[in-house]
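A short reminder: the numbers here are calculations on the coordinates, not readings from a lab. Worth saying up front: this structure is predicted, and the values here are computed from it rather than measured. FYI the Cβ positions are ideal-geometry reconstructions off the backbone, even for glycines, and counts take in every protein chain you see.
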Amino acid sequence: MPWKASTVMEERKRFVQEAKIGIISFKSLCQRYRISRATGYKWRKREREEGEQGLGDRSRAPRNSPAQSSPEVEAEVLRIRNEHPAWGGRKIRKILEREGKVHIPAASTITAILKRNGKIELAESKKREAFIRFEHERPNDLWQMDFKGSFRLLDETYCHPLTVVDDHSRYLVGLKACSNEEGLTVQKQLSRIFEQYGLPQRILMDNGAPWGDDKDSPFTFLTTWLMQLGIGVAHCRAYHPQTNGKNERFNRTLLEEVIMRNGFADLREAQDAFDQWSTVYNTYRPHQALDFEVPASRYEPSKQAFPTTPPPPEYDVLDIVRKTDSLGVMFFDGHKLRLGKAFRKKEVVIRPSKAEGIVNVYYYGKQIAHFDLRDKDC
């Protein structure tokens with residue numbers, strides 16, 4: 001090192017004094033003190049302008065930071081974060097870009113602003129594992145439907161949020177504050193959604209009630225109603241909730257951005273909050289899976305309108321039509337065939353297969369059962 005660490009100030013003072021006396025050349029003096037001539041000139045200049053005080057060490061921090069965000073930018077970042085406390089750097093950057101009020105910093109800079117102001121926790125900045133996304137080609141090809149776990153309201157009752165998301169666009173077609181998870185409640189809410197957006201081609205749902213009872217009886221009153229409307233019914237694979245992944249992810253967003261940050265007096269207040277947030281989610285909130293565009297940019301209502309009453313089933317000339325009793329049981333060729341309570345007092349179609357003794361049962365064009373008439377217990 002050019003100076004001895006324990007006597008830095010003393011060495012600099014002696015150097016400057018000897019340079020003033022000029023007994024030896026400046027070059028030789030710098031060599032004796034093992035410093036460059038540039039450093040020697042620097043200390044002479046500081047002592048001349050500031051006295052011995054100028055020979056002390058100075059902070060290496062820059063006097064100004066050109067890259068540091070302006071107060072205006074920081075204020076806008078914090079404003080958006082305060083309005084949407086669950087949003088991170090990339091979403092906030094998209095909003096700044098859209099509004100065009102201030103210089104647009106990098107997402108990492110916005111994240112640094114949030115951390116510096118105590119607006120973001122370490123857990124929020126951890127990267128989630130990447131996964132492969134799949135989406136249907138067009139809006140309304142598939143909707144994903146689920147109940148977000150219930151939560152208690154201030155009036156001591158419970159809210160059961162029904163969520164319905166379009167697979168292609170992530171557009172939220174339905175967010176309903178329900179008092180229960182019964183089939184009739186879902187039918188009522190879906191009717192309102194269908195009136196507003198039309199009918200989807202298919203709906204993907206879970207395996208529990210009211211979507212489907214179990215493996216042996218996958219149909220319910222609700223799913224038979226959807227079949228009457230010509231909507232395909234699909235269920236997630238058992239123990240694989242990721243099949244309904246977009247809805248699962250949406251439910252987590254709903255929890256983080258709405259439910260955990262508010263207390264609702266009753267169902268009406270919860271629904272009002274859901275309606276306001278639905279507009280933000282669909283038309284304002286940047287969506288990462290859509291390259292930070294909004295779901296409304298990719299969604300349009302279905303051209304298939306919701307009918308006032310379900311259309312009657314269509315039969316082929318060779319179809320064998322039977323009507324079930326109040327227990328969902330019918331008789332065919334001397335056999336008692338059980339279809340389940342979801343099909344009680346319903347007309348179904350029996351079509352013998354090419355294999356002897358095997359018959360398939362259809363409801364509104366969808367196969368719902370398969371029987372082997374050679375089995376005495378069928």
Fill in: Gain in span if fully extended, Glu293 to Gln276, counting 0.36 nm per residue against the direct Cα distance
4.2 nm
Worksheet entry | Above-threshold pairs, the threshold being 18 Å between Cα atoms, out of Lys91/Lys115; Lys188/Lys303; Lys13/Lys42; Lys148/Lys246 | Lys188/Lys303
Worksheet item: Rg/Rh for the stretch 5-55: what does it come to with C-alpha atoms and Rh from Kirkwood?
Response: 0.93
Item to complete: Evaluate E = 1/(1 + (r/R0)^6) for Lys45 and Val8, where r is the Cβ-Cβ distance and R0 equals 22 Å; express this FRET efficiency to the nearest 0.05.
Response: 0.80
Fill in: Euclidean distance between Cα centres, the stretch 249-328 to the stretch 76-100, Å
27 Å
Worksheet item: Exposure proxy check: Asp275, Asp206 ranked by fewest other beta carbons within 10 Å?
Response: Asp275, Asp206
Practice prompt. Take the chain, drop everything but the C-alpha atoms, weight them equally and run the Debye formula without solvent; then report log10 I(q)/I(0) at 0.09, 0.10 Å⁻¹ to two decimals.
Written response: -0.70, -0.80
Item to complete: Would you compute the Debye intensity of the stretch 143-297 from its alpha-carbon atoms alone, equal scatterers and no solvent, and pass along log10 I(q)/I(0) at q = 0.09, 0.18 Å⁻¹ to two decimals?
Response: -0.28, -1.15
Practice prompt. Report the full-extension gain for the segment Val321 to Glu256: residue separation times 0.36 nm, less the Cα-Cα distance, to one decimal in nm.
Written response: 18.3 nm
Practice prompt. Return an integer: the convex hull volume of the alpha-carbon atoms of the stretch 71-125, in Å³ per residue.
Written response: 67 Å³
Response to the item:
Exposure proxy check on Val321, Val280, Val186: fewest-to-most Cβ neighbours within 10 Å is Val321, Val280, Val186
Worksheet item: For the chain, what does -39500 (n - 2.57) per DSSP helix run (n ≥ 4), summed and divided by total residues, give at 222 nm, in deg cm²/dmol to the nearest 500?
Response: -10000 deg cm²/dmol
Worksheet item: In the stretch 335-368, what trypsin sites (Lys or Arg not before Pro) fall in a loop by DSSP, with at most 12 other Cβ atoms inside 10 Å?
Response: Lys345, Lys354
Worksheet item: Can you run phi through the Karplus equation (6.51, -1.76, 1.60; θ = phi - 60°) for the stretch 266-279 and list ³J(HN,Hα) in whole Hz, with x for Gly and Pro?
Response: 7, 4, 4, 5, 4, 5, 4, 5, 4, 5, 5, 5, 4, 5
Practice prompt. Give the residue from Asn262, Thr163, Ser25 lying farthest towards the positive end of the charge dipole for the chain; charges sit on Cβ (+1 for Lys and Arg, -1 for Asp and Glu) and the dipole is referred to the Cα centre.
Written response: Ser25
